[in-house]
Structures are given as C-alpha cells and as structure tokens.
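Structure record follows, encoded as structure tokens.
Rule-based calculations on the coordinates, nothing more; no lab input. Just so we're clear, the structure is a prediction, and the values are computed from it rather than from any experiment. We place every Cβ from the backbone using ideal geometry, glycine too, and count neighbours over all the protein chains shown.
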Amino acid sequence: MRQFCLVALAVAAWIARPALAEDYRGPSLNGEALTISCPWTGAEGDHFRRVTALFERQTGAVVRHTCSQSSELDILANAKNGNPTHISVVPQPGLAAQLAAMGALTPLGDKTRAWIERAYAAGPSWAQLGQFANAQGKQELYGFPFNVNVKSLVWYIPKRFQEKGYKVPQTMEQLEALTQRMVSEGVTPWCMGLESEAASGWPATDWVEDMMLRLHPPTVYDDWVSNRIPFDDPKVLEAIKAFGKVALDPKMVAGGPKAVQSTSFKESPRGLFGNQPTCFMHRQASFISAFFPERQAAEADFFYFPPYLKKMLGFPVLGGGTLFTITEDSKAARAFIEFLQHPQAHETWMERGGFLTPHRAVDRNKYRDRLQRKAGDILLGATTIRFDGSDLMPAAVGAGTFWKGMLAYTAGKPPEAVAADIDKSWKALQK
C-alpha cells in the first residue's frame, strides 16, 4: 500500500532546491523612510526588528515601527483617516479584505504573484490567500504571506507509543485504525478542551476545518467559508460529524463530552503527560506547546494530521499567518516586499524561533530547533494551504455562531439543527 511521508517529500524538495542564495543586496534608498505597522511586540517584536535591520543595512532606508497588540484597530483607523503607514502587517485575512474593498491597498502585481506561486510550497494556495476584491470588485493580489503557522498537528509522547507498540499513522485510515486499537486496549485516544472564556468553542471549529480539507477538495472548503454552499450542506455536516465521532464518544476522548466542554484548551494537553496519562493524542496547533508542563515538555512530539488515502486529496494543511500589505505606496515599500522574497529575510527570524515559512529556498538548518524544522517540513510538503475557516467568515459567524454551535453540538444538539442555525445567522447578515 502506498505510504504517505510528508517529511520525506519536504526533505526531497529541500535537497532539490536552488543553491543557497547570496546575501541580500537591495536598491539604494539612502535616508528614505519606511513606516511599518505590525502586531508583534516583546520578543516577537525584537525578532522582526532584526529582519528590518537587515533591510536598513543593505538599502540605507530608515525603518520606523508602530507595532502593538491593537495594530488591527490602528491600521483600519489610519486607513480611514488617510494617514496609513507604508507597510501594514495584517494578522487576519478579514481585515485585508476590508482594506482592499475600501481601496486602501496597493496591488502587489503579477510579478509578485508569479514569485509566490513558484517559490512557496503550495504556492498557488498562498497566492490565493493574499488575493482580495478591490472597491470595483476586481480580485487582486494585495497580501504577501510571511511568518505562517501550522494547525494540522497531532501531539503525542513517543515513549508512550513505543511502550504500546503504536506506530505514527501516515494516513487517516491508519489514524482511525489506531484509535480503535487504543479503545480496544482500554486506552483513551484523545484529549480535548473547548473552554476559552468568551472564545469558547474555537478548538472544535479547527477540527471541523481540518476534516473539511481531508474529506473534500479545497474548492469545497472555499465555497463553505464564503457561504456559496450553505452551512448545513451535507458536505459540511460530514465534517461536523467526523469531529463528533471523537468529541461525543466517552471512549474516544478523556472525560467524555462534558469534560470536552468544560476543560480549558490550555489545560487539555496535560493529559498526555505523567505516569498515568489520560490520553495518548492531542490535535492542536504548534503554539500549544507553550502550555505543556514545563519539566515534561521535552517529552512531546507531533505528527502531521494525515489525509485519507482513498480520497487522493494530496497533503492539505490548515494554517494561518500574517499578510504584508502596502497601504501607502512608495519605492521603499515595494523594495521591502521584494526583500521579503529573499531567503535571508526568512532565515534571520528562523534562527530566533517562533517563525515558519513555506519558502523552498531557505536553509532548513537555520531553524532554531528540531520541532520548528519539523513543522517547517510539513509546510514544505503541503500541496494545499488554507487559512482558518472561522477567520475567513464574517466575525458574527466565525467568532460567534460557529463557536457557539460547536458547544451546542458537544452538549447534545443534533448536528443538522446546529448547522441550520449557523447558516440562518449568516443569511441574516446578508439582508
């Protein structure tokens, strides 16, 4: 039987990449100011300043940062007031779509689109994710993806797998067989927690989104997140029910459905650890490692949430990331977008951690640690990339009725009723 091996594909792609690029040499921009709004503060802000410092050294430009945790509000307000920065780093695609519709963004052009499609793994997907409709309704490339993340991960403790004789699954069929084996041996396969204060329910939406990409082609996912197919379409219900096979089965998830609802997403992975673990797997994005027990965190590893062999849909990855946009056109702004295409712009941050890239030409050895490199390999092996679906939906749905609907589903509400209510809320916004 054909075996999927995403990391092997990524390594092969890396070996076949062009020779390591020469150091970045940019145009002469002596004394020209470049203003940037971004969401990064603290250590992340310092890492980003290392990137912009390289641009300054090699061009003579002077970069001024206005970065804060409220950058989304600042970017929108500045655009409305006619006082934007040259570059705005947008953390949510919904904001980029809003800015494009206002006529507040400068198109990045066909040359940049062609570069993304060629140089990024799953390049056409990344180019599509940076494309939005302008004030006239025309689709243009406005966002350059830089600093991305991976959500399609399953965390586990390799030592526990070895003790039980379990192998890391390469296909969804193998993952389903593994969970059934665990249940038959009295082991609870999954830990899960949906509690997140006002945002409770969002981890369930990530599960549904990942299953949508594994059950159906990416075009169906695109139609779903834009409501071109209704939320209660049979294809969407199939993904919701696939999530329910885990979340609603007390043999499949630690503590059963009630614990799923009440357990904090931050606390849920702790069941993996200790001498008497309550579960063997936890599906969550790369950031969740920050909530592992400090003294035991090094025990954990992850594998790619695999695709169905029978579906032949390639290697889809659910992710996210920031989009660099030009909100005030200038020679320096365009030069900076070109700078982001150079491997050094990526490697400068890779060395410091907290950064992943689908750039095929970067040196993988620049990643700060093994897990970062492994997550980067998943990106390099991806054939399809899609952003978090709830972030692409209207906020009242994606961060409202979708979250609440998943909580209602795990509390026992029929999936058909849940999906119909979410779709009704979306249709109400269109009136």
Partner aspartates and glutamates whose C-alpha sits under 20 Å from that of K164, ignoring same-chain residues fewer than 8 away, are E173, E176, E185, E299, D301
Could you run the Karplus curve 6.51 cos²θ - 1.76 cosθ + 1.60 with θ = phi - 60° over segment 361-366 and give me ³J(HN,Hα) per residue in whole Hz, x for Gly and Pro? 8, 6, 7, 4, 5, 6
Checking segment 307-336 for trypsin sites (Lys or Arg not before Pro) in a loop per DSSP with at most 14 other beta-carbon atoms within 10 Å yields K310
Once label points are set 7 Å from the Cα along Cα→Cβ at both Q162 and N81, what is their separation, rounded to one decimal in nm? 5.8
Post the alpha-carbon centroid distance, segment 38-58 to segment 65-144, in whole angstrom. 19
Within segment 128-195, which trypsin sites (Lys or Arg not before Pro) sit in a loop by DSSP and count at most 13 neighbouring Cβ atoms inside 10 Å? K138, K167
Suppose a student asked you for the relative contact order of the chain, using Cα pairs under 8 Å spaced at least 6 residues apart; what percent would you report? 26
For a protection proxy built on the mean count of beta-carbon atoms within 10 angstrom, sort 296-303, 352-359 highest first, please. 352-359, 296-303
Estimate the FRET efficiency between Q180 and R228 by the formula 1/(1 + (r/R0)^6), using the beta-carbon distance for r and 35 Å for R0, to the nearest 0.05. 0.50
Using the Cα centre of segment 327-431 as the reference point, and only Cβ charges (+1 on K/R, -1 on D/E), how large is the resulting charge dipole? Debye, rounded to the nearest 20. 180
Based only on other Cβ atoms within 10 Å, what is the fewest-to-most ordering of L73, L407, L129? L73, L407, L129
Provide the per-residue ³J(HN,Hα) series for segment 157-164, in order, calculated from phi with Karplus coefficients 6.51, -1.76, 1.60 and θ = phi - 60°, each as a whole number of Hz, with x at glycine and proline positions. 10, x, 4, 5, 4, 5, 4, 8
Give the residue list of GluC sites (Glu not before Pro) in segment 198-298 that are DSSP loop and have at most 16 other beta-carbon atoms within 10 angstrom. E267, E294
About the Cα centre, charge dipole magnitude for segment 146-185 (Lys/Arg +1, Asp/Glu -1 at Cβ), debye: 160
Cross-link reach list, lysines versus K366, counting only Cα pairs under 18 Å and skipping chain neighbours closer than eight places: K374
Likely footprinting exposure, T41, T219, T278, T205, fewest C-beta neighbours within 10 Å first: T219, T41, T278, T205
In terms of modelled amide H atoms, which long-range or inter-chain residues lie less than 5 Å from the amide H of T66? I36, S37, C38
I want to check the label-to-label distance for E117 and M312. Put each point 7 Å from Cα in the C-beta direction and report it in nm to one decimal. 2.4
On a 26 Å Cα-Cα criterion, which of the cross-link pairs K167/K311; K241/K427; K245/K311; K159/K311; K167/K245; K151/K404 come out too long? K159/K311
Shape box of the chain [Cα atoms, principal axes, largest first, Å]: 68, 52, 39
If each DSSP helix of 4+ residues adds -39,500 (n - 2.57) and the sum is divided by the residues in the chain, what number results at 222 nm, nearest 500 deg cm²/dmol? -13000 deg cm²/dmol
Fraction of antiparallel bridges per DSSP, the chain only, in percent to nearest 5: 55
Around Q344, under 14 Å between beta carbons, what's the net of Lys plus Arg minus Asp minus Glu among the other residues? -2
